[in-house]
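Structure record follows, encoded as structure tokens.
Rule-based calculations on the coordinates, nothing more; no lab input. Worth saying up front: this structure is predicted, and the values here are computed from it rather than measured. As a convention, Cβ positions derive from the backbone with ideal geometry for all residues, glycine included, and neighbour counts pool all protein chains shown.
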């Protein structure tokens with residue numbers, strides 16, 4: 001039951017994050033008197049998957065002959081982003097590009113500020129802010145691009161940005177953006193047909209993993225699932241989901257300015273917890289493990305800017321989740337595994353069953369009208385093979401391949 005719950009959470013999260021919009025034909029012809037306007041959204045840090053997506057959509061808009069492209073932007077900066085390539089693609093695009101900083105409360109700072117500057121047309125929603133342009137990339141060190149000196153360390157709202165000619169107009173909604181586009185790009189006789197685009201499933205997952213809290217929690221979650229699978233073998237799905245979580249976690253760490261010393265301390269702490277699992281108690285190793293996880297979590301992003309920092313609430317939540325996993329969850333799971341055989345289990349010893357999954361070395365067997373967890377005493381056993389039950393260990397049948405069907 002615990003494994004199913006953990007697996008359900010993992011799969012649900014992955015599917016929810018990876019959903020994409022239906023693809024649209026970039027070569028489709030707009031009705032007479034109309035023009036297509038491609039619409040994309042860039043939110044959060046401008047990272048490698050976001051950059052690939054944006055460069056691809058700009059290229060498609062140019063190849064497909066779109067009348068214009070609207071990029072809704074809400075970003076506090078970039079990290080490992082090819083800023084020069086992005087600025088060049090936006091500024092040299094044959095298709096007019098509108099960068100719209102929205103909704104209210106959105107921002108275009110650091111690297112995002114330079115994308116706004118490069119656009120053919122700039123717009124901001126009331127309540128949005130821009131500026132604070134240096135440094136443009138949290139992983140790049142000193143700024144390699146320079147904006148207005150007055151905005152190097154502060155931001156301005158839409159009204160002030162309009163006065164400073166950083167933008168062309170203000171717009172609170174997409175219809176207002178299109179209305180302004182008609183005026184500023186000389187589309188007075190056109191009807192606009194917006195076409196909405198989203199990142200691919202993989203890009204969205206990778207983009208989500210570049211958030212410090214996400215990369216950190218995915219590390220813990222993936223480790224929990226794999227440890228659970230190792231001590232409760234036979235399901236397999238937990239290990240697959242755990243491996244996927246670890247993949248995206250380490251992808252995020254590869255982009256973020258992480259201290260690998262901190263990652264190592266967290267992993268060491270999780271390993272020390274395993275030492276005390278044999279005794280089903282909280283011992284000295286567990287105390288050292290808890291310190292390792294806590295200190296390692298703190299040192300993952302030391303002295304990092306706000307946009308790439310790991311907040312105390314996330315660290316505390318991670319430490320508490322680790323305690324809850326190893327104390328109530330794993331101890332109860334191990335107690336159940338080593339419990340005395342349930343009533344009737346001894347009756348299947350010496351009988352035969354059918355392997356319902358591959359047993360290598362663990363899997364599932366149908367015997368006596370019941371589905372059991374099973375472990376092979378010899379070579380791996382393929383699904384559908386007839387097996388002979390040799391014994392019972394807790395709730396697990398010990399089996400061998402039957403010599404006779």
Problem set entry | Label-point separation in nm, residue 200 to residue 260, each point 7 Å along Cα→Cβ | 2.7 nm
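In what sequence do 312, 133, 372, 100 fall when counting other Cβ within 10 Å, fewest first?
Ordered from fewest to most neighbouring Cβ atoms within 10 Å, 312, 133, 372, 100 come out as 312, 372, 133, 100.
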Seminar exercise, completed: The base-10 log of I(q)/I(0) that the Debye equation returns for region 345-401 at q = 0.13, 0.29, 0.31 Å⁻¹, one scatterer per C-alpha, is -0.22, -1.22, -1.42
Exercise. At q = 0.13, 0.19 Å⁻¹, what base-10 log of I(q)/I(0) does the Debye formula yield for region 24-199 when every alpha carbon is treated as an equal point scatterer in vacuo?
Worked result: -0.59, -1.23
Problem set entry | Descending Cα extents along the principal axes, region 205-337, whole Å | 45, 32, 21
For this session: Calculate the tail of P(r) for region 276-325: the fraction of all Cα-Cα distances greater than 11 Å, expressed in %.
Result: 71 percent
Exercise. If each Cα of region 196-256 is one equal point scatterer, what is log10 of I(q)/I(0) from the Debye formula at q = 0.17, 0.22, 0.28 Å⁻¹?
Worked result: -0.57, -0.79, -1.01
Exercise. In whole Å, what three semi-axes, largest first, describe the equivalent ellipsoid of region 180-227 built from its Cα gyration tensor (square root of 5 times each eigenvalue)?
Worked result: 45, 11, 6
Problem set entry | Inter-label distance, nm, simple model (7 Å from Cα along the C-beta direction), residue 400/residue 377 | 0.5 nm
Problem set entry | Proxy reagent accessibility, fewest Cβ within 10 Å first, across 184, 207 | 184, 207
Problem set entry | R0 of 45 Å, Cβ-Cβ distance residue 165-residue 316: FRET efficiency to nearest 0.05 | 0.45
Exercise. Using a basic spin-label model with each label point 7 Å from the Cα along Cα→Cβ, how many nm lie between residue 150 and residue 291?
Worked result: 5.5 nm
Seminar exercise, completed: Under 19 Å by backbone N from the virtual spin label 7 Å along Cα-to-Cβ at residue 43, the residues of region 191-212 are 195-212
For this session: Report Rg(Cα)/(2.2 N^0.38 Å) for region 101-205, keeping two decimals.
Result: 1.19
Problem set entry | Residue order, fewest to most beta carbons within 10 Å, for 41, 203 | 41, 203
